[in-house]
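Let me begin by presenting the structure, written as structure tokens, before commenting on it.
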Amino acid sequence: MKYCADTWFILEAFSKSPHAILLLQETRGGKTRIVIPLIVYAEATKKLMQKGISQDTIEQFFEGVEASEHVDLILMDKAIAQEAARLSLSFHVPLIDSIVAATCTLTGCDLLLTGDSDYEPLTKKRYLKLRSW
């Protein structure tokens, strides 16, 4: 199974949610792949810093997450940017969420790990499938 992580999932993993930790453990065993769009890294870092978490603690957390060879940090390229713009305009989805959705689809992910209702227009049109808990 190949997942794309939204900021929600990263915050769940940081707070040691059992579901998030299990998925991360599955990547180490090779059963699962997780794609993390770079915009998610930025947004999660910002939200953790707003909570008073030190930069060192955040970096250590991400080093642990990225330690698996089955976790990929994905840069936005031109194709993702164009698709994100189209999604945002067509479905009235915030641009950051559109970047995550486009990354999810264009990198061949099966499910988006999110608890964010902003993706509903995309799920209704069967552009994305979501997983949350």
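Laboratory data are not the source of any read-out in this text; all were calculated from the coordinates shown. Just so you know, these numbers come straight off a predicted model, no measurement behind them. For neighbour counting, all protein chains shown are included, and Cβ atoms are generated from backbone atoms with ideal geometry for every residue, glycine included.
Let me know the charge dipole size of the range 14-62 about its Cα centre in debye, to the nearest 20, where only the beta-carbon of Lys, Arg (+1) and Asp, Glu (-1) is charged.
It works out to roughly 140 debye.
Using the structure shown, list the pairs from K2/K78; K51/K124; K51/K78; K78/K125; K16/K78; K2/K125 with a Cα-Cα distance above 30 Å, or answer none.
K51/K124; K51/K78; K16/K78
Kindly express, to the nearest 10 degrees and within the range 0 to 90, the angle between helix 18-28's C-alpha long axis and the longest C-alpha principal axis of the chain.
The two axes meet at around 90 degrees.
How charged is the neighbourhood of T27? Take every other residue with its Cβ under 9 Å from the Cβ of T27, and add Lys/Arg as +1 and Asp/Glu as -1.
+1
Nearest 20 debye, what's the magnitude of the dipole of the chain about its Cα centre given +1 on Lys and Arg Cβ and -1 on Asp and Glu Cβ?
Rounded to the nearest 20 debye, it is 440 debye.
Can you pull the one-decimal nm distance between simple spin-label points at R126 and L75, each 7 Å off the Cα toward Cβ?
Output for this residue pair reads 3.5 nm.
How much length is gained on full extension from M1 to R28, taking 0.36 nm per residue of separation minus their Cα-Cα distance?
8.4 nm
Treating only the Cβ of Lys, Arg, Asp and Glu as charged (+1, +1, -1, -1), what charge dipole size does the range 47-100 show about its Cα centre? Round to the nearest 20 debye.
400
If I model a spin label as a point 7 Å beyond the Cα along the Cα-Cβ vector, how far apart are those points for T57 and A42 in nm?
Modelled inter-label distance: 2.4 nm.
Looking at the range 1-68, which trypsin sites (Lys or Arg not before Pro) are DSSP coil and have at most 11 other C-beta atoms within 10 Å of their C-beta?
When the trypsin sites (Lys or Arg not before Pro) of the range 1-68 are filtered for loop state and at most 11 Cβ neighbours within 10 Å, K16, K31, K51 remain.
Which one, A79, Y119, L48, is farthest towards the positive end of the dipole of the chain when Lys and Arg carry +1 and Asp and Glu -1 on their Cβ?
Y119
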